[in-house]
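Note sheet for the following structure.
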Amino acid sequence: MRWKRGRKSTNVEDRRSTRGRVRRPSVKGAGGLGIGGMIVVVVAAWFLGIDPSVVLQGVTDQTSTSQQTTTERTSTPANDEMKSFVATILGFTEDTWTPIFKEMDRTYQPPKLVLFTDRVSSACGLGQAAMGPFYCPGDQKVYIDLSFFAEMKSRLGAPGDFAQAYVVAHEVGHHVQTLLGISQKVTAARQQSSQTQSNQLSVRLELQADCFSGVWARHANERNKKATGKALLETGDLEEGLNAAEAIGDDRLQRQSQGYVVPDSFTHGSSAQRVRWFSQGYKAGDIRECDTFGASQL
């Protein structure tokens, strides 16, 4: 990505300490959950945007009852580079969604992006690095521990700067849903639904955030080309984003963890669905084409 000349957002809140204490669960955690199970829980929750407090509290409870080991982590030049990166990507999202909202006679109120190390307090509860990035509708903030991007490469097999940008754009997509009142309606509907129906609503909300991230990518790419004469995305960038979307599909995660797939338990969508809706947003560049709730087939 040609991101380094982009405008850095001022809506970044850095809560990282110079020296952070990182607590990592031992091989056996609460309830005898092995390390493989822990990884699956972590990955499945990485892109949670509906009610983070529930899953965040679950991980907090597990961690508090498991044996802990402690290591020291210091701020590094690489982290400073990543701070510049996420601030710039956030700036790109602001420059994209502001005019889109204006066309709808609305005012875009950008979210804060909070950088943290190890753990962080939010209006949705205690967030931990193991949870990866999340959006909290309670305070309208996106939370990221920058070590997550290394996890994307090593555990998910989803490297690349545009894959990382997709993560930020997806969480901002949940913020857009909150501003448009979509998240609130889905939350109310889920409270009156069966578990299977609730999961289906969750899938549609997540896929719409994927579609919104595609809309962002299309507009940011074109805007950068008009401003600088060069597109924001370089060769291979789009493939990085699609690879990241595929890597966190529910079917892929379930197959890796337990060897079989349970569609009724999906909360984020299959790999094919996530790729399809991100692609839909990118090709259309129009949020009206992201109506996952009205779609007869996802």
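Coordinate-derived values only; no laboratory data. Owing to the predicted nature of the structure, the values given are computational and were not obtained by experimental measurement. Here the Cβ is made from the backbone with ideal geometry for all residues, glycine too, and neighbour counts use every protein chain on show.
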Sparsely packed GluC sites (Glu not before Pro) within the stretch 169-272, loop by DSSP, other Cβ within 10 Å at most 15
234
Taking 0.36 nm per residue of sequence separation and subtracting the Cα-Cα distance, how much length would be gained by fully extending the chain between residue 192 and residue 225, in nm to one decimal?
7.3 nm
Just to be sure I understand the model, the point goes 7 Å from the Cα along the line to the Cβ. What's the resulting residue 283 to residue 258 distance in nm?
3.3 nm
Other-chain or far-sequence residues with amide H under 5 Å of residue 122's (modelled H):
127
Hey, rough spin-label estimate for residue 298 and residue 103, points 7 angstrom out along Cα→Cβ, what's it come to in nanometres?
2.6 nm
Unsatisfied cross-links (Cα-Cα over 22 Å) in the set 153/283; 83/185; 112/225; 4/230
153/283; 83/185; 112/225
Amide H proximity to residue 113 below 5 Å, modelled H, separation 5+ or other chain, gives 12, 13, 142
Give me the distance between the Cα centres of the stretch 118-186 and the stretch 190-234, rounded to whole Å.
13 Å
